[in-house]
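The values are calculated or read from the model by the stated rules, or taken from the named source; none is laboratory data. Since this is a predicted model, take the numbers as computed values, not measurements. Positions of Cβ are generated from backbone atoms using ideal geometry, with glycine treated the same way; all protein chains shown enter the neighbour counts.
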Amino acid sequence: MKTLHLDPAARDQAALVTEEIDRMLAEGKRVAVTLAEEQELLSPQLAADRLGFSRQHVMRLIGYGDLEAQRLPGSSHWKIPLSSVLAFEERKSAHEHLTAGWSRELDAMGAPPE
């Protein structure tokens with residue numbers, strides 16, 4: 001997954017988006033595009049849909065402090081900054097990359113599968 005952050009002062013960066021889409025399509029990949037302001041607030045359900053988790057799991061992540069969220073004043077409803085969801089995705093991707101590397105190293109050493 002790739003997230004591109006575009007700055008209004010450099011509108012020519014929008015070409016990066018179309019280049020990336022063209023590259024992925026040329027490789028035969030299906031592409032999903034999400035356009036949003038970085039300051040956008042998501043409901044726990046929208047964050048769950050984006051992350052591929054249940055709403056309950058997103059609420060647990062908020063409780064554990066793994067996902068920043070704000071409770072609306074005088075309400076039981078939560079809003080999650082898109083920037084928090086993007087940061088979580090980046091951390092998750094980095095962890096997956098790291099553990100995949102460890103797995104390859106164990107395989108190369110001939111470690112038995114569990």
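Find all pairs meeting these conditions: Cβ atoms under 9 angstrom apart; at least six residues apart or on different chains; first residue within the stretch 2-31 and surrounded by 11 or more Cβ atoms within 10 Å (Cβ to Cβ); second residue among the small types (Gly, Ala, Ser) and at pLDDT below 90.
Between residues of the stretch 2-31 that are surrounded by 11 or more Cβ atoms within 10 Å (Cβ to Cβ) and residues that are among the small types (Gly, Ala, Ser) and at pLDDT below 90, the close pairs are Leu6/Ala14.
Which residues, counting only those in the stretch 60-77, are in a loop (DSSP other than H, G, I, E, B) and either in contact with a Leu (Cβ under 6 Å, 6 or more places away or on another chain) or not small (Gly, Ala, Ser) (or both)?
Asp66, Leu67, Glu68, Leu72, Pro73, His77
Taking the condition of being of a type outside the set (A, V, I, L, M, F, W, C), over 15 Å from Gln39 (Cα atoms) and either modelled with pLDDT of 90 or more or within 13 Å of the chain's Cα centre (by Cα) (or both), how many residues in the stretch 77-111 meet it?
Matching residues across the stretch 77-111 total 8.
Can you say whether Ser54 is at pLDDT 90 or above, out of contact with any Pro (no Cβ under 6 Å at 6 or more places or on another chain), surrounded by 14 or more Cβ atoms within 10 Å (Cβ to Cβ) and of a type outside the set (A, V, I, L, M), as far as the supplied structure shows?
Taking the combined requirement at face value, the residue does not satisfy it.
Taking interchain pairs and intrachain pairs at least six residues apart, which have beta carbon atoms under 7 angstrom, with the first residue in the stretch 88-103 and assigned to a helix (DSSP H, G or I) and the second acidic (Asp, Glu)?
Qualifying pairs under 7 Å: Phe88/Asp66.
Please specify each residue of the stretch 49-83 satisfying the condition of being of a type in the set (Val, Ile, Thr) and either in contact (Cβ under 8 Å) with a residue 24 or more places away in the chain or touching a Ser or Thr at 6+ places or on another chain (Cβ under 9 Å) (or both).
Ile80
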